[in-house]
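Read the figures in this text as sums done on the coordinates, not as results from a lab. Just so we're clear, the structure is a prediction, and the values are computed from it rather than from any experiment. Reconstructed Cβ throughout: ideal geometry from the backbone, glycine too, with neighbour counts over all protein chains shown.
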Amino acid sequence: MSPQTETKASVGFKAGVKEYKLTYYTPQYETKDTDILAAFRVTPQPGVPPEEAGAAVAAESSTGTWTTVWTDGLTSLDRYKGRCYHIEPVPGEADQYICYVAYPLDLFEEGSVMYLGSKPCVLYVWKICESLLLILKLSKALPHGIQVERDKLNKYGRPLLGCTIKPKLGLSAKNYGRAVYECLRGGLDFTKDDENVNSQPFMRWRDRFLFCAEAIYKSQAETGEIKGHYLNATAGTCEEMIKRAVFARELGVPIVMHDYLTGGFTANTSLAH
C-alpha cells in the first residue's frame, strides 16, 4: 500500500512481533507501596539477553503476549502492565538471573488467591526461558472430554479453532465483549478468558459474563453456527465460584472454566458436580 492510500487504521496499528524489553523492561522504575513484587529465577535461552528474558516474564504474567494485537489500543498498558525493574546474576550459577517484577495492585481480585495464576502463566514464555522454579503436578482429568465439547459446539471432522482474548488484563467489560464478538464473528469456534481474568476493578465478573454472552448470541445469529466462550468462574471461595457458574448457566452459555491449579482439586470436583 502506497503512502498516499494508507489508511488511518493501518497507521494506528501494525501487527507483528517486537522485543518484550521495549515495553516491559523498565530499570528506572521506582516501586510503589501498592505494587505486588515478585522475584523469578530464570535461565535465558542462548543468545537471549537477561533483559529480554526478564521482560518476557513480566509481560506474559500481566498484559503481554507474543505479538502485537489491535486490542492493546483499548486499554492503558502503562497502567496495568507488569514491569521488570531489576536483574541480578545468581552467584555461582552461570547464565542464571534473578528478575524482579512489579505488578499493579489492580491486576488482582480482592480477597482471592487467584493472583497465583500470574505465576503459572509465565510458563508460556516458550523459547525464552528454559526453566522457572515452579513445579506443577496434574493428576485429575477434566469432567468432559473433547467429544463432549464437539457435541456442545456441533463441530466435527476438523480441529477446533479458538483463542485467548488479549490483552488479558486491562480491558473494560464492554471492550472485552467487543473483542470476543469480533473473534467469534470472524470465524473462531470459541474464545477464552485467561486464568488471570477474575473480577478485577477494571472488569467485574458479572459485567464480563453479560457482555460475553451478548457477543456469543450475536455472533451465532449472524453466522448460524454455535459459538462458545470459556468464562472463568474461578473465585476466592467455592461458594463464590458456584455462584458465578450458576449465573453463567442462567445466561445459557455453553462453557465455564476453572483454574484448578490455584483453585484446588476439591473446588474443581465440586464445580464438575
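Here are a few things to note about the model shown:
- Gly224 sits among other residues whose Cβ lies under 15 Å from its own Cβ, and their net charge, with Lys and Arg +1 and Asp and Glu -1, is +1.
- Filter on Lys168/Lys218; Lys152/Lys192; Lys155/Lys227; Lys32/Lys166 - keep pairs with C-alpha separation over 20 Å: Lys168/Lys218; Lys32/Lys166
- Legend: ranking of residues His144, His229, His86, His258 from fewest to most surrounding C-beta atoms inside 10 Å; resulting order His144, His86, His258, His229.
- Cα-based Kirkwood hydrodynamic radius, the range 146-272, one decimal, Å: 14.7
- For Lys174, net neighbour charge (Lys/Arg +1, Asp/Glu -1) across residues whose Cβ lies under 14 Å away: +2
- Less than 5 angstrom separates the built amide H of Asn232 from those of Asp193, Met257, all sequence-distant by 5 or more or on a different chain.
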